[in-house]
Amino acid sequence: MLLLDEPTNNLDADGREAVARLLESWQGGCVVASHDRSLLERVDRIVELSPVGVTIFGGAWSGFAEQRDAARARAVTDLDRASDALRNAERTVQKSRERKDRRDKAGRAWRAKSVEDKMFMDREKQRAENSAAREGHIAERLIEDRAEALSEARARVEVLTPLTIELPNTGLPGSRELVAFKDVVMAHDDRRLFGPLSFAIRGPERIAIRGANGSGKTTLLRLISGDLAPREGEIRRLTDRIAMLDQHVSLLDPASSILDNMRHLNGDLTDNAAHAALARFAFRNKAALQIAGTLSGGERLRAGMACVFARPHPPLTLLLDEPTNHLDLASIEELEGALKGFDGALIVVSHDQAFLQAIGIAREIML
């Protein structure tokens, strides 16, 4: 029996393929904890652990994802039905109250004019009040039941449905040149990493940087951002609106709260503006006071994106270095959803082929 804990994390394409070949040739049992969707397509069964319980699916990732998406759709339908039921109950109760008010008004008028025995009228009044009390109790119970069902349906949707994050628009024109490399060579001491390398980034391109571990992919991102200077060649940067997030989101101080990090990285923001910027990335109220070092991988990446997109002018170019490392599948899908709507340039270092395909990578730079 093999027990593998995130076996493809931090591996390049060759390393991932080696793990896949191992599983294909292995004759014993194997239990894998992984967020690598390509690897999960090779398994016989998936066990998902979530806040709503344990789900066991007999099949690989694509079938599991289809079943999960269907469950999400059912949860949303149940929420809509619960919302309608509560509204209908409230309307029914309101109409009942209006009818009772009309009857009471008519009864008061009748009693005012009637010459009937006072004891009879008092008994009728008491009977009406008792009936109204019973109806009121039933109405309250009905609304409470419908409200409880709505709360349960909403909670299930919140658990099953991933967060949706919309990145601000950049307004980047399709023909605008952002960065240009001409015959760039990079080396560390006497070891040549790559070059001569020439390319240009124009408009909202989506580019993947590929290569074996140690080939200089992160170094190339730092050259694009301006953190490093090349050994040889020329780099033209026609904008300073460039943001880079590495796999550890190291721009965040792990000892400070998310809110303090936001203030530190965006000194011009007022307290209200800082809270509002974090709320757009689902860090509301007390959630903004969490210490950065205690966040999960997905929360940390979301906090980093909140900080860089809170700038007065959002970045035209976003650089991501192995962004899916240390993320669970829900966080990866959350990130994919945000990046699909990003209208700026996107430069990504990643060996996660499913992720690259999901965000629409159209060009590759091989090192």
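Throughout, read-outs are computed from the coordinates displayed, never taken from laboratory work. For clarity, every value in this text was computed on a predicted model and none was experimentally measured. Here the Cβ is made from the backbone with ideal geometry for all residues, glycine too, and neighbour counts use every protein chain on show.
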FRET efficiency for SER25 and ASP101, using Cβ-Cβ distance with R0 set to 56 Å, rounded to 0.05: 0.10
Within the chain, how many Lys pairs sit with Cα atoms under 16 Å apart, leaving out pairs fewer than 8 places apart on the same chain? 5
Dividing the helical contributions, -39500 (n - 2.57) per DSSP H run of n ≥ 4, by the residues of the chain yields a 222 nm value, nearest 500 deg cm²/dmol, of -15500 deg cm²/dmol
Taking 0.36 nm per residue of sequence separation and subtracting the Cα-Cα distance, how much length would be gained by fully extending the chain between LYS286 and ASP14, in nm to one decimal? 93.6 nm
Contour minus end-to-end for VAL52 and MET1, with contour as 0.36 nm per residue of separation and end-to-end as the Cα-Cα distance? 15.5 nm
Computed about the Cα centre, the charge dipole of the chain from +1 Lys/Arg and -1 Asp/Glu charges at the Cβ has a magnitude in debye, to the nearest 20, of 1980
Additional length obtainable on full extension of the chain from ASN272 to THR164, 0.36 nm per residue less Cα span: 36.7 nm
